[in-house]
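Novice: Questions regarding the structure given below will be posed in turn.
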Amino acid sequence: AQKVTQAQTEISVVEKEDVTLDCVYETRDTTYYLFWYKQPPSGELVFLIRRNSFDEQNEISGRYSWNFQKSTSSFNFTITASQVVDSAVYFCALRGYYGGSQGNLIFGKGTKLSVKP
Amino acid sequence: GAVVSQHPSRVICKSGTSVKIECRSLDFQATTMFWYRQFPKKSLMLMATSNEGSKATYEQGVEKDKFLINHASLTLSTLTVTSAHPEDSSFYICSAPQPGHSYEQYFGPGTRLTVT
């Protein structure tokens with residue numbers, strides 16, 4: 001079975017603080033994909049990153065960085081110098097490999113991030 | 001990038017009526033689309049997989065007679081909530097994988113359904 005756990009339900013920080021959102025996943029697939037999405041109050045999902053299981057390089061994109069640790073089945077997301085506009089619900093998701101571009105995403109329960117000025 | 005649209009973005013209907021939600025892939029063909037449901041402050045749960053030219057595949061616990069899915073063409077899938085009840089009020093999101101793009105999946109903006 002596949003499962004994604006985001007243990008942090010809500011996080012509140014003050015602007016300019018760094019914050020890390022945790023994601024732990026379970027899968028029996030040897031090839032799989034991990035995602036992070038941002039969902040602002042408008043509801044639309046905003047794609048942030050996709051990482052495949054055989055690429056453990058960490059990635060940095062501006063103030064965002066991701067730490068993929070296959071040994072601990074974790075794919076954590078860090079926002080550096082947080083801003084009020086970062087306030088949203090963040091979802092971690094997992095997708096197995098189905099031999100083609102099919103397959104739904106399994107989502108974690110999400111972490112609500114509130115950044116206060 | 002690829003775009004998926006949904007219509008309507010918001011709908012309010014009375015109990016007992018049916019509501020149709022459209023999901024369109026605007027610049028690519030999608031043989032498969034996914035329908036998710038999100039309750040307030042909750043995660044997205046897969047309801048069903050919509051397959052062009054064949055019947056939809058429903059997740060366990062999802063009533064296929066209540067949530068009718070029709071994948072009419074390679075760019076359009078519709079979800080019809082029949083005989084809606086207040087407990088059907090939710091945020092419905094569709095997604096479509098774009099073939100040949102490393103399994104990238106594109107989400108629609110969602111439809112907020114309120115049943116009064």
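Novice: So, counting K/R as plus one and D/E as minus one, what does the shell of residues with Cβ under 13 Å around residue B:74 add up to?
Specialist: Numbers: positive: B:24; negative: B:27, B:52.
Net of charged neighbours comes to -1.
Novice: Same structure again: If we count every other residue with Cβ under 14 angstrom of residue B:30's Cβ, Lys/Arg +1 and Asp/Glu -1, where does the sum land?
Specialist: Working: positive: B:24; negative: B:22, B:27, B:52, B:104.
Taking every Cβ under 14 Å from that of residue B:30, the sum is -3.
Novice: So how much accessible surface do A and B hide from each other in total, probe 1.4 Å, in square angstrom to the nearest 100?
Specialist: Buried area (both sides, nearest 100 Å²): 1800 Å².
Novice: Here's something else I'd like to know. Can you list, by residue number, the Cys in chain B that have no neighbouring cysteine C-beta under 4.7 Å?
Specialist: Unpaired cysteines in chain B: B:13.
Novice: In whole percent, and with a 1.4 Å probe on the protein chains, what portion of the accessible area of chain A is carbon and sulfur?
Specialist: 49 percent
Novice: Okay, moving on. Between residue A:14 and residue A:64, what FRET efficiency follows from the Cβ-Cβ distance if R0 is 22 Å, with the result rounded to 0.05? Please report the intermediate quantities before stating the final value.
Specialist: Details: r = 19 Å, r/R0 = 0.84.
Between residue A:14 and residue A:64 the formula returns 0.75.
Novice: What is the dipole size for region A:1-97, taken about its Cα centre, with +1 at each Lys and Arg Cβ and -1 at each Asp and Glu Cβ, in debye to the nearest 20?
Specialist: 280 debye
Novice: Could you tell me which residue out of A:69, A:88, A:33 lies farthest along the dipole of chain A toward its positive end? Charges go on the beta carbon: Lys and Arg +1, Asp and Glu -1, centred on the Cα centre.
Specialist: It is A:33.
Novice: Further question on the same structure: Pairs on different chains or at least eight residues apart, Cα atoms closer than 18 Å: how many lysine pairs in chain B fit?
Specialist: 6
Novice: Would you mind calculating the relative contact order of chain A from Cα pairs under 8 angstrom and at least 6 residues apart, reporting the percent as a whole number? Provide the component values of the computation, followed by the final result.
Specialist: Working: 283 pairs, mean separation 44.5, N = 117.
Over chain A, the number comes to 38 percent.
Novice: Rounded to the nearest 5, what % of DSSP beta bridges with both residues in the protein assembly as shown are antiparallel? Before the final figure, lay out the partial values.
Specialist: Values: 70 of 79 bridges.
Here the antiparallel bridges make up roughly 90 percent for the protein assembly as shown.
Novice: Here is a follow-up. About the Cα centre of the protein assembly as shown, what is the dipole size in debye to 20, counting +1 per Lys and Arg Cβ and -1 per Asp and Glu Cβ, all else neutral?
Specialist: Dipole about the Cα centre, nearest 20: 440 debye.
Novice: Can you tell me, using C-alpha contacts under 8 Å and at least 6 residues apart, the relative contact order of chain B as a whole percent?
Specialist: Answer for chain B is 36 percent.
Novice: Per residue, how many Å² of accessible area does the protein assembly as shown show with a 1.4 Å probe?
Specialist: Result: 49 Å² per residue.
The values are calculated or read from the model by the stated rules, or taken from the named source; none is laboratory data. Source: prediction; values computed, not measured. So basically every Cβ, Gly included, is an ideal-geometry build from the backbone, and we count neighbours across all protein chains shown. Surface areas here come from the heavy atoms of the whole protein model, side chains and all, with no ligands, DNA or RNA. Shrake-Rupley method; radii C 1.70, N 1.55, O 1.52, S 1.80 Å.
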